[in-house]
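Down below is the structure, laid out as C-alpha cells.
What follows is calculated from the coordinates using simple rules that are stated; it is not laboratory data. Note that the structure is a prediction, hence the values are computed from the model and not measured. So basically every Cβ, Gly included, is an ideal-geometry build from the backbone, and we count neighbours across all protein chains shown.
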Amino acid sequence: MKLVSYKTEDREHLGVFVNGHIYNLNSCDKQLPNEMNAFLAGGEELMDRAKKIDAQIKSGEIEPKEEAFYELIAPVPHPTSCRDGYAFRQHVAAARRNRKVDMIAEFDQYPIFYFTNHNAIQGPGEIECMPDHFQKLDFELEVAIVIGKKGRNITAAEADDYIAGYMVMNDMSARTLQMEEMLLNLGPAKGKDFSTVIGPWLVTPDELAQYKVAAKPGHTGNAYNLKMTCTVNGVEVSAGNMADMDWTFAEIVERCAYGVDILPGDVIGSGTVGTGCFLELNGTGLLNNPDFKPQWLQDGDVVEMEVTGLGHLSNIIKKVDSDFSILALKKK
C-alpha cells in the first residue's frame, strides 16, 4: 500500500495512491482519520483497515471518487521527530579518504544518528533556500522509515515490526554552514535544519517483500535490493542500492530506542548512499584530477530521486530574495 498526504484548498488529507490516482481514505471508511499522524497513532488496527480499502480499490470491489485537484505533500508532514543515520560504509569511507584521513574504526562497532529539524519536513515541489545555503548547497540521496508503534529498549531482532513504511529521502545540506559549525565538535545544525525532503508516498513493508535480501554478514534485520538514483537537471549524478546499507534499519531503531520511547510518526533516515551527494562526488573528483570542477546545487535546479518500489521524488531549488546572512555575523 502507498499512503499519501495531500492538500485540497489548503486542507491536509490522507489517501492511498492506486494506479496513478489518489483516493481519500476517510471518505471510504469513516473510522479512518483524515491525516497521517492520527492514522499512525491508531496502530495496526487502522493500518489493517486502510489495507482493506486499498485491496478493495485494486480489485474493483469499490470505486470511490478519485481526487482530481490536489497538492502532494510529504507523506508524514508533521513527524513527531526526525533522525538521520549513517549506515552506508562506502559513503563514510569515501568522504574520509577524500579528506586524507583513515576510516574510523567505530563505524563498524555501532550505528549512529543525529536529530534534525522535524518542523522543516517538505515533500515534492519547490524548496526555498536562503542565500547562505547556496554556499555549497547539496542534496543527499537516502531512504527513510517511519515508526508505526510506540516502543522502548527494542532489540534489532524485533525492530522491523515497528516500521510502518519506507520513503525516499533527500537530506538537504548547506555545506559551508555545516563545516563551520562542526569545527566546534557539535552539530550538524544550521547546515541541515532548513529542509529535509521525504516522499512521494509511504510504502508499507509488504509491498517490498519481493525485493528482500539477506542483511550483510554479522547484521540483523530486513534488507532490500532497491536501486537508488539521483539526477540534477536530467543528468544522473548518483547511483547506489539500499542493500548496500551496512547497518540495517532494525539496528538503527535498536539504538534509537535504547532508554527512550520511539513513537508513531518518528522519521529515521538511512544516511547517504555511496556517491549520494556532491560533497563526496566533488572530493573524489578533486582527488583524482586537480582540474576537476566541483558542482553544487543552484537556483532553479531540478533534483529528482528515484528508488525502486518507493517512487520518484522531484524538487525545484529556489533562492529566497534576501540579503540576510548569518555567515556575515561571524565575529572576527
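Given the rule -39500 (n - 2.57) for each run of at least 4 DSSP H residues, summed and divided by the residues of the chain, what is its mean residue ellipticity at 222 nm, to the nearest 500 deg cm²/dmol?
Rounded to the nearest 500, it is -5500 deg cm²/dmol.
Comparing Pro75, Met245, Phe292 along the charge dipole axis of the chain, the residue lying farthest to the positive side is Phe292, per the Cβ-charge model. Think of region 81-329 as having a plus end and a minus end, set by charges on the Cβ of Lys, Arg, Asp and Glu; of Pro188, Phe88, Ile262, Phe88 sits farthest toward the positive end of this dipole. 3J(HN,Hα) couplings calculated from phi for region 218-235 with the Karplus curve 6.51 cos²θ - 1.76 cosθ + 1.60 (θ = phi - 60°) are, in sequence order, x, 10, 10, x, 6, 9, 9, 8, 10, 5, 10, 9, 9, 10, 10, 6, x, 9 Hz; Gly and Pro show x.
Rounding to the nearest 10 and keeping the result within 0 to 90°, find how far the Cα-based axis of helix 89-98 lies from the longest principal axis of the chain. Approximately 20 degrees, to the nearest ten.
On a 0 to 90 degree scale, rounded to 10, what angle separates helix 43-59 from the longest Cα axis of the chain? Approximately 70 degrees, to the nearest ten.
Rounded to the nearest 10 degrees, the inclination of helix 278-288 to the longest alpha-carbon principal axis of the chain is 40 degrees. Distance from the Cα centroid of region 61-101 to that of region 137-194 is 9 Å (rounded to whole angstrom).
Taking K and R as +1 and D and E as -1, what net charge do the other residues with C-beta under 9 Å from the C-beta of Asn222 add up to? Mind showing how you got there, number by number?
Details: positive: Lys212; negative: Asp160.
Its environment carries a net charge of 0.
Listed by chain and number, the lysines whose C-alpha is less than 26 Å from the C-alpha of Lys51, apart from same-chain residues fewer than 8 away, are Lys2, Lys7, Lys30, Lys65, Lys149, Lys150, Lys212, Lys227. A cut-off under 12 angstrom between Cβ atoms defines the neighbours of Asp299, and their net charge, with Lys, Arg +1 and Asp, Glu -1, is -2.
The listed peptides 206-213, 32-39, ordered by packing as a protection proxy, come out as 32-39, 206-213 (highest mean of other Cβ atoms within 10 Å first).
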